[in-house]
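Contents: one structure, followed by commentary.
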Amino acid sequence: MIVGLLFAGLFLLIALGLPIALAIGLPAIGMILAPGVFPPGVDTAGLGQTIIQLLFAGVDSFDLLAVPLFMLAGSIMERGGISRQLIDFSNSLVGWMPGGLACAVVVASMFFAGISGSAAADTAAMGAVAIPAMVRQGYPAAFSAALVAASGAIGVIIPPSIPMVIFGFLTNVSIAELFAGGMLVGLLFGLSFMALSVWMSARHGYGKRLPFSLRNVLRALREAIWALGAPVIVLGGILGGIVTVTEAAALAVFYALLVAMLVNRQLRWRELPGLLVESQVIAATILFIIAMAKVFTWLVAMQQTTTMIQGALAALALPPAGVLLLVMLALLVIGCVIETTAALILLVPVLAPLTGMMGVDAMHFGVLMVVNLAIGMLTPPVGICLFVACGVAKLPLGEVGRAILPFVGTALAVLMVASYWSPLITWLPGLIYR
Amino acid sequence: MSALQRASQRLNALMEKLLIVIGAAICLILFAQVAFRYAGASLGWSEEVARHLLVAITFLGGTVAYKRASFIGLRGFGHRFGAGFQRAVVLALQWLTLACFALIAWFGAVYAVKAAEHSSASLQIPMSIPYAVIPLAALVFIVHVLADMGATRRPQDPAG
């Protein structure tokens, strides 16, 4: 009953347009303090104290420090002119293929994903350069925007990934292992989008093909070498156990500053305060949701919700593969109606204890959940990558929404492979950490 | 523009400046943490300070995010209703938000005072200091919500 009212309040407030953190916090705080929810012996002052402790504990974490830092590193790299260098280098590598520039955009997005932890940042960084360039080469604008949005979603799958940082924080699963687990799925996403682009470009005659030239590759590599160094430092530092995820994020900020200011000379000192504020505010939006959700999920947990769901799933008597499919389908639907980060934060405490019933370990489930919610970033009405790409391309949502359908279908196929062929996710962490 | 709206804007400008200082401080502290560790002299305080600064980013940055979203009109499906009904719903939501932050400010202040009995693990500062950011941010939220309520009631005011 209480959980039902909580979620009804949440959905009503989101539907009315209240900012998501408030839509989560208002019903939770109201319900905790409402008479009759807790036994008469529990006094209001004590409940108020609990709310403040939960708000504080929700974000008092060294791991979560990586969120604003990866945001800042991504913003600095975006402003520092590395998108064009990455696209030029990728184009020199794969521009000879049918749909060469489209493939280059996917490859460049995968490189950028290795620096930034945010899909929206990846989409914005690539979109501004890639969409006009693709349109000039004869690709339809809607296809270009859809490709950039789909490739941007890889940003949360290939490490570093802000949703994986949040999942690790909420479940105590090693964030470094989650990062390693996301690597091959992210690559498969990229390769699948490239294959789709090649097929569609060959079929519809999109774009131009460039002759392959080793000299071009070396020239583009010379220009992009500093930008390409960033993923090496970030991922090498984390996966090699040299620095923690949060420290790697701080190093990424300093490396990004070095490249943007001293090497590319595209960023000036006076632009830094603006970038700091922008990235801190975007990070605060996520962190504020996490703080409010701590109160919400505490109340949900108090109502034994996970036990009820476990009971309901057990009554269905499904095999683990069936339970996993059911959970993945539910996540896909929820990812379409609730903003990705909020969905992750609200659902992890409820779903993470059910991994035993799904036949997967917590790390595998974490990566699957992030992949699943990344697909939610491509679908209306709350798909952030879709919105950003539409904004950059100045196209209506409906047009890009139709063009993105083949990419969503491909992404769903990859999700199914990742769900039922576990080595895709578990092999690399096993190799590095066990 | 009303005095409340001016106060809201000034507070927001102050919060933005604080975010610059806090963001830069976190970067420098964590960079120093790595550098000192590899120099063989780990910093004992860096992690705790960085965590408390993150709490400050969350709540102070949350006020800036709220201000930028400028919650004075309905989005979502509420947009489809008539103007009078929309304004009534927005006002009701603003009252709810105001009550929520008033409660957070009150309970937060009470708890921050109580937390003076406890000291932080490495710096040994009273825990009131990191906890104080919650009621302070709630007060800033209250000013922003009140300013929004003024703008909702006087939609014809071009400065509002």
- prompt: Which one of these is more than 8 Å from chain A (Cβ to nearest Cβ), closer than 18 Å to residue A:23 by Cα and of a type in the set (A, V, I, L, M): B:103, B:91?
  reply: B:91
message: From the list B:56, B:24, B:35, B:50, exactly one residue is surrounded by fewer than 14 Cβ atoms within 10 Å (Cβ to Cβ), small (Gly, Ala, Ser), within 11 Å of another protein chain (Cβ to nearest Cβ) and part of a helix (DSSP H, G or I). Which is it?
response: B:35
- request: Pull up segment A:60-116, narrow it to residues that are part of a helix (DSSP H, G or I) and of a type in the set (Val, Ile, Thr), then point me to the one that is farthest from the other protein chains (Cβ to nearest Cβ).
  value: A:94
- prompt: What are the residues in segment A:312-326 that are surrounded by 11 or more Cβ atoms within 10 Å (Cβ to Cβ) and farther than 13 Å from residue A:358 by Cα, if any?
  reply: none
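Consider segment A:196-251. How many of its residues are within 24 Å of the chain's Cα centre (by Cα) and among the small types (Gly, Ala, Ser)? Lay out the reasoning, then the answer.
First, pick out the residues of segment A:196-251 that are within 24 Å of the chain's Cα centre (by Cα): A:196-197, A:227-241, A:243-251.
From what is left, the residues that are among the small types (Gly, Ala, Ser) are A:197, A:227, A:229-230, A:236-237, A:240-241, A:248-250.
Number of matching residues: 11.
Can you find a residue in segment A:31-39 that is buried (at least 21 other Cβ atoms within 10 Å of the Cβ) and under 20 Å from residue B:65 (Cβ atoms)? Walk me through it before giving the result.
To start, the set of residues in segment A:31-39 that are buried (at least 21 other Cβ atoms within 10 Å of the Cβ) comprises A:32.
Next, from what is left, pick out any that are under 20 Å from residue B:65 (Cβ atoms): none.
Checked against the condition, which is being buried (at least 21 other Cβ atoms within 10 Å of the Cβ) and under 20 Å from residue B:65 (Cβ atoms), segment A:31-39 yields no hits at all.
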task: For segment A:3-19, state whether one or more residues are touching a Ser or Thr at 6+ places or on another chain (Cβ under 9 Å), within 14 Å of another protein chain (Cβ to nearest Cβ), assigned to a helix (DSSP H, G or I) and among the hydrophobic types (A, V, I, L, M, F, W, C).
output: no
query: For segment A:409-424, which residues satisfy the criterion of being surrounded by 21 or more Cβ atoms within 10 Å (Cβ to Cβ) and not hydroxyl-bearing (Ser, Thr, Tyr)?
result: A:411, A:414, A:418
- prompt: Can you spot a residue in segment A:350-372 that is farther than 30 Å from residue A:430 by Cβ, β-branched (Val, Ile, Thr) and touching a residue at least 24 places away in the same chain (Cβ under 8 Å)?
  reply: no
- prompt: Which one of A:195, A:153, A:202 is surrounded by fewer than 23 Cβ atoms within 10 Å (Cβ to Cβ) and at pLDDT below 95?
  reply: A:202
field: Total residues in segment A:233-256, condition in contact (Cβ under 8 Å) with a residue 60 or more places away in the chain and either buried (at least 19 other Cβ atoms within 10 Å of the Cβ) or among the β-branched types (Val, Ile, Thr) (or both)
entry: 14
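Please find, among A:309, A:282, the residue that is within 12 Å of another protein chain (Cβ to nearest Cβ) and either assigned to a helix (DSSP H, G or I) or over 24 Å from the mean Cα position of the chain (by Cα) (or both). Explain how you work it out, then say what you get.
Details: A:309 fails: within 12 Å of another protein chain (Cβ to nearest Cβ).
Just one listed residue meets the conditions, A:282.
Okay, residues lined up against (1) without any contact (Cβ under 8 Å) to a residue 40 or more places away in the chain; (2) surrounded by fewer than 24 Cβ atoms within 10 Å (Cβ to Cβ):
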| position | (1), (2) |
| --- | --- |
| A:62 | no, yes |
| A:65 | no, no |
| A:74 | no, no |
| A:82 | no, no |
| A:87 | no, no |
| A:96 | no, yes |
| A:101 | no, no |
| A:104 | yes, no |
query: Hey, among the residues in segment A:259-279 that are surrounded by fewer than 17 Cβ atoms within 10 Å (Cβ to Cβ) and without any contact (Cβ under 8 Å) to a residue 24 or more places away in the chain, which one's nearest to the other protein chains (Cβ to nearest Cβ)?
result: A:273
message: Considering only segment A:41-54, I want to know if a residue exists there that is touching a helix residue (DSSP H, G or I) at 6+ places or on another chain (Cβ under 6 Å), more than 7 Å from every other protein chain (Cβ to nearest Cβ), assigned to a helix (DSSP H, G or I) and buried (at least 20 other Cβ atoms within 10 Å of the Cβ).
response: yes
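The values are calculated or read from the model by the stated rules, or taken from the named source; none is laboratory data. Because the structure is a prediction, the values reported are computed rather than measured. We place every Cβ from the backbone using ideal geometry, glycine too, and count neighbours over all the protein chains shown.
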